[in-house]
1. Taking Cα centroids, how far is the range 52-76 from the range 15-36 in Å?
2. Among all the lysines, which ones have a C-alpha under 22 Å from Lys25's C-alpha, if same-chain residues fewer than 8 places away are not counted?
3. At what distance in nm do the modelled label points of Thr30 and Asn49 sit from each other, each positioned 7 Å from its Cα along Cα→Cβ?
4. For Lys62 and Asn39 in the same chain, what is the full-extension length gain: residue separation times 0.36 nm, less their Cα-Cα distance, in nm?
Amino acid sequence: MVMRVYGEVVTIDVLLPHNQVEQLKGESATLFKQLSEANLQFTTAVTDNRILKSDVEALRVKVNSLPRPKISCHNN
């Protein structure tokens, strides 16, 4: 990470002790991994949703193509 301090460009590891830099790098890697996994889950959910919508529409077409029984009403 690069920062400007009093007009000078310095890296974050100049400003922080080595162990903090390593900890932040680890946290960054963990967060990136979580983001990647969440993105994959989202993409899978979008695909599954698209498939389900298509299946529902196909079933709707099948139901609408079935012969409808004749219903008669008798008033006595």
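Throughout, read-outs are computed from the coordinates displayed, never taken from laboratory work. Predicted model, so just to flag it, every value in this text is computed and none were measured. Cβ atoms come from the backbone with ideal geometry, glycine included; neighbour counts cover every protein chain shown.
1. 58 Å
2. Correct list for Lys25: Lys33.
3. Roughly 3.0 nm, to one decimal.
4. Numbers: separation 23, 0.36 × 23 = 8.28 nm, distance 3.49 nm.
Gain on extension, Lys62 to Asn39, equals 4.8 nm.
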